1. Looking at (1) over 15 Å from the mean Cα position of the chain (by Cα); (2) assigned to a helix (DSSP H, G or I), which one does Ile85 not meet, given that it meets all the others?
2. Can you tell which of Ala106, Ala121 is part of a helix (DSSP H, G or I) and either hydroxyl-bearing (Ser, Thr, Tyr) or open to solvent by 50 Å² or more (accessible area, probe 1.4 Å) (or both)?
3. Anything in the stretch 14-62 that is without any contact (Cβ under 8 Å) to a residue 60 or more places away in the chain, in a helix (DSSP H, G or I) and either in contact with a Ser or Thr (Cβ under 6 Å, 6 or more places away or on another chain) or charged (D, E, K, R) (or both)? List them, or say none.
4. Keeping to the stretch 138-180, report how many residues are at pLDDT 95 or above, assigned to a loop (DSSP other than H, G, I, E, B) and aromatic (Phe, Trp, Tyr).
5. Looking at the stretch 61-79, can you tell me whether even one residue there is more than 21 Å from Trp168 (Cβ to Cβ) and either touching a helix residue (DSSP H, G or I) at 6+ places or on another chain (Cβ under 6 Å) or open to solvent by 30 Å² or more (accessible area, probe 1.4 Å) (or both)?
6. How many residues does the stretch 124-137 hold that are in a loop (DSSP other than H, G, I, E, B), of a type in the set (A, V, I, L, M, F, W, C) and open to solvent by 40 Å² or more (accessible area, probe 1.4 Å)?
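The values are calculated or read from the model by the stated rules, or taken from the named source; none is laboratory data. All values derive from a computational prediction rather than experimental measurement. Note: ideal-geometry Cβ built from the backbone for every residue, glycine included; neighbour counts use all protein chains shown. Only protein heavy atoms, including side chains, enter the accessible area calculation; ligands, DNA and RNA are left aside. Shrake-Rupley method; radii C 1.70, N 1.55, O 1.52, S 1.80 Å.
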Amino acid sequence: MSTTTSPVKTPTSIQKAIDIAFPYIKLCRINGLLGVWLTFWPCVWGVLLAAYVYRVPPSTLMNILPFLFVGCASLHSAACTINDILDRDMDRLVARTKNRPIPSGAVSVRNAWIFMAIQTAGFLYLLTWANRVCALVTLANLPLQFAYPLFKRFTYWPSAFLGLTFGWGSLVGWSAVTGSLSWKVNAPLYAAGVCWAFGYDIIYAFQVSARELPLLSELRLTAFFAQ
């Protein structure tokens with residue numbers, strides 16, 4: 001009795017490209033946009049408040065908001081990459097994170113650094129399209145974005161630092177519309193953004209801390225401090 005075997009399918013060039021790209025898509029979290037939206041909403045608050053104060057027409061907002069969304073996606077993706085680079089040793093210990101591209105070996109640390117540099121360069125190119133004040137305000141946020149993963153190691157208040165980082169978007173949104181800052185308006189709005197991000201990060205930390213506290217004893221999370 002003769003048997004036939006089905007031919008082995010050779011991956012197409014498109015499939016090979018997808019297989020190569022997908023770990024990097026996971027690394028920068030653009031396969032799930034929750035973090036991008038959390039970065040983007042404070043920008044929207046700043047834009048809408050400026051539009052209300054200065055009676056900016058909707059057509060102008062329709063030009064600004066997509067630009068800010070792309071910028072938030074670019075910045076957040078680079079921040080996720082450096083977060084995974086710095087947290088790779090701890091990520092290997094936790095079931096929730098051990099399959100991320102770096103701890104799983106899908107992306108090498110060297111390639112992750114190169115990828116992060118490319119992401120940052122792309123983000124800086126976007127800033128060339130912004131007005132001068134908006135570009136400077138945005139640049140001032142970069143150290144906060146890239147330093148956040150380190151704060152878990154020496155303070156029990158990384159959630160507060162996250163609030164300072166993500167709430168910054170309200171300043172970016174306002175300056176993108178007005179080309180200036182008005183601290184009489186921007187300071188309360190920024191404080192609201194800080195509290196908002198602090199709150200949702202505390203909720204998130206409480207959800208994971210009970211499972212991961214024995215494995216992450218070297219981390220200092222606000223939720224751990226509260227417990």
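1. Here Ile85 clears every test but (1).
2. So the residue among Ala106, Ala121 that is part of a helix (DSSP H, G or I) and either hydroxyl-bearing (Ser, Thr, Tyr) or open to solvent by 50 Å² or more (accessible area, probe 1.4 Å) (or both) is Ala121.
3. Selection gives Lys16, Asp19.
4. 1
5. Checking the stretch 61-79: at least one residue is more than 21 Å from Trp168 (Cβ to Cβ) and either touching a helix residue (DSSP H, G or I) at 6+ places or on another chain (Cβ under 6 Å) or open to solvent by 30 Å² or more (accessible area, probe 1.4 Å) (or both).
6. Counting residues in the stretch 124-137 that are in a loop (DSSP other than H, G, I, E, B), of a type in the set (A, V, I, L, M, F, W, C) and open to solvent by 40 Å² or more (accessible area, probe 1.4 Å) gives 1.
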